[in-house]
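Asker: Dumping the structure here so I can ask a few things about it.
Computed from the coordinates by the stated procedures, all read-outs in this text should not be read as laboratory data. Given the structure is predicted, the values throughout are model-derived calculations rather than measurements. Don't worry about glycine lacking a Cβ; one is built from the backbone with ideal geometry, like all the others, and counts go over all protein chains shown.
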Amino acid sequence: MRTLGLLLALFFTSIIATAQAKTETFTITVTIDNVLNDDGTVMAGLHSSETFMRGRGLQDKITTIKDGKVTIVFKDVKPGEYAILAMHDENNNKKMDREANGMPKESYCISGSPTPYGPPTFSEAKFNVVDTDLEFALRF
């Protein structure tokens with residue numbers, strides 16, 4: 001009987017320890033409602049300071065456009081600092097097309113409040129995931 005009690009105590013302790021060790025994750029939902037047309041797709045990436053403006057994000061999504069609107073959902077996001085970059089890939093070539101002077105040809109948007117001149121910085125675009133799901137409305 002004593003052994004059974006000890007085994008049950010160990011079992012419940014391990015369950016509690018495992019539950020506490022799991023990091024809670026959250027969902028970030030992004031809506032963009034001013035896409036110029038329904039041609040192509042919208043590509044969006046969830047970025048950390050390490051990936052911001054350096055290529056692929058921590059999560060990358062491609063979605064079709066319906067009536068000039070898209071909704072993008074990033075799931076299983078751990079608490080931390082992030083930024084979102086999105087672009088309208090109108091010709092579906094999976095890259096940002098640029099003018100001869102390097103300026104983007106295709107519409108794009110960034111979380112936060114980046115300055116309109118020069119490339120955006122992570123500190124301007126970042127937001128915190130702390131303890132709840134988030135929803136953003138971004139505009140091109």
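Asker: In terms of Cα to Cα distance under 22 Å, which lysines are near enough to LYS105, apart from those fewer than 8 places away along the same chain?
Answerer: Cα-Cα hits under 22 Å: LYS61, LYS66, LYS69, LYS94, LYS95.
Asker: Let me ask something additional. Counting only other residues whose beta carbon sits under 13 Å from that of VAL35, what net charge do I get with K and R as +1, D and E as -1?
Answerer: -4
Asker: Project the alpha carbons of region 40-140 onto their principal axes and report the range along each, largest first, in whole Å.
Answerer: So the three principal-axis extents are 42, 31, 20 Å.
Asker: Return HIS88, HIS47 ranked ascending by Cβ neighbour count within 10 Å, so the fewest neighbours appear first.
Answerer: Going from least to most buried by this count: HIS88, HIS47.
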